[in-house]
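These notes are about the structure you will find just below.
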Amino acid sequence: MTTPPVRLLVHGATGRMGQALLRLCREAPVGCEVVAAVARTVGTRVVDGVPHFTSAELAGVPAFDVAIDFSLPEGFEAVLALCQSRGAALVSGTTGLSDGQKAQLDATAAAIPLVWASNFSLGVAVLHDLVERAARVLPDWDCDIVEAHHTRKLDAPSGTALTLGASAQAGGATPHYASLRAGDIVGEHLVQFAAAGERIELIHRATNRDIFARGALHAAVRLHGRAPGRYRVADLL
């Protein structure tokens, strides 16, 4: 018996990540299909068989199993509320959320399964685990996190660097940060543990932005059907 595909709502469909999600689902389906795409403004109503809706029309989208949200903080609460009212899961990579919005995430996790992450790379999910384990067994070593991105990225340290720092802190380390902005670097993160005479370097390099969209699709398929709760990408590997 064939398992039906997971029905996806892509929220933030005209952004870089939204476009990558639509393209990857069209080119190489991985157990899911996009049933609706939502953006602040819409030109063509149907693109490659996918109906497009404006943000103001969000309540009228067809039934879906999981929403993948890469939008802006001002649109986040609406898709979170929609998922709760529909009993659907949520995968979100929207950054810049307020403390109140983060609290809403935690509260809504009592009703639906959801995952929020600053980085959906599966490799970075593994790196988080390695960093925490290293920090736990090397409590007296210096911990430094160096991140590099393209010149158009304004925030520094990156959200991924900060969440890697949180993993280091969970293991007992005190991380320090350094940021580089150069050329068209997609994303590089180095976590270094150093002591007298030796050091350990844990590195992740992204060379293609599609890895983030693939990770979000992977998370959506794995999240569908789970019990309510707040999950990490590592929980869905």
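Derivation of every value follows stated rules applied to the coordinates shown; laboratory data play no part. Worth saying up front: this structure is predicted, and the values here are computed from it rather than measured. Virtual Cβ from ideal backbone geometry, glycine too; neighbours counted across all protein chains shown.
Here are some notes:
- Here the dipole of the chain is about 560 debye; that uses its Cα centre as origin and unit charges on the Cβ of Lys and Arg (positive) and Asp and Glu (negative).
- Distance between modelled label sites at VAL137 and ALA56, nm, 7 Å Cα→Cβ extension: 5.8
- Computed across the chain, the Kirkwood radius stands at 18.7 Å (inverse of mean 1/r, all Cα pairs).
- Gap separating the Cα centres of segment 219-237 and segment 14-60, nearest whole Å: 22
- If you take the Cα centroid of segment 171-194 and the Cα centroid of segment 93-115, the two points sit 26 Å apart.
- Segment ALA234-GLU27, length gained on full extension (0.36 nm per residue, minus Cα span): 72.0 nm
- Once C-alpha pairs closer than 8 Å and six or more residues apart are averaged by separation and normalised to the residue number of segment 91-181, the relative contact order reads 32 percent.
- For segment 98-105, putting each phi into the Karplus relation 6.51 cos²θ - 1.76 cosθ + 1.60 with θ = phi - 60° gives couplings of 6, 4, x, 5, 5, 5, 5, 4 Hz, in residue order, rounded to whole numbers and with x for Gly and Pro.
- Estimated [θ] at 222 nm from DSSP helical runs (n ≥ 4, -39500 (n - 2.57)) normalised by residues in the chain, nearest 500: -10500 deg cm²/dmol
- Surrounding net charge for GLU57, when Lys and Arg each add one and Asp and Glu each subtract one, Cβ distance under 12 Å: +2
- Efficiency of FRET from Cβ geometry, ASP155 and ALA110, R₀ 22 Å, rounded to 0.05: 0.15
- Taking the C-alpha atoms only, the angle from helix 210-223 to the longest principal axis of the chain is near 70 degrees.
- Dipole of segment 122-206 [Lys/Arg +1, Asp/Glu -1 at C-beta], most positive-end residue of GLY123, TRP141, GLN169: GLY123
- Once the Cα atoms are used to define both axes, helix 159-170 deviates from the longest principal axis of the chain by about 60 degrees.
- When the alpha-carbon atoms of segment 59-117 are used, the pair Rg, Dmax equals 10.4, 31 angstrom.
- Radius of gyration, Dmax [segment 122-206; alpha carbons; angstrom]: 12.5, 37
- Across segment 41-58, no residue has a backbone nitrogen under 15 Å from the label position 7 Å along the beta-carbon direction of LEU97.
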